[in-house]
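First comes the structure, then the notes that go with it.
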């Protein structure tokens with residue numbers, strides 16, 4: 001349950017995003033080590049929303065670090081994965097630390 005985790009800007013949908021689309025697309029696989037769990041992870045994350053399967057498929061199949069930045073999937077997944085990271089007490093990734101320094 002991540003309902004007690006609050007990100008700055010979350011109250012009005014303006015959480016700053018510090019990942020690329022490729023980072024977000026790869027995160028479930030890196031966490032689970034399984035492409036099958038990757039696909040299911042995205043489905044579980046967005047199950048309570050009105051996201052349609054084609055939106056999820058389009059985002060997941062895009063290639064490139066900027067491909068998909070305008071997708072609701074990108075922003076929503078970033079926020080959820082960041083809340084999970086904070087709830088689990090995990091450190092920021094090396095990539096994220098590099099982005100923070102820019």
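What follows draws every value from the coordinates through simple rules; no lab data is involved. Small disclaimer: the values here were computed from a predicted structure and weren't measured. No Cβ is skipped: glycine too gets one built from the backbone with ideal geometry, and neighbour counts run over all protein chains shown.
Among rounded, prolate and oblate, which fits the stretch 60-102 when a ≥ b ≥ c are the square roots of the eigenvalues of its C-alpha gyration tensor, a/c under 1.5 means rounded, and a/b larger than b/c means prolate?
Cα axes put the stretch 60-102 in the oblate bin.
Let's test the formula: R0 of 41 Å, r as the Cβ-Cβ distance of residue 100 and residue 72. What FRET efficiency results, to the nearest 0.05?
Efficiency, from the Cβ-Cβ distance: 0.95.
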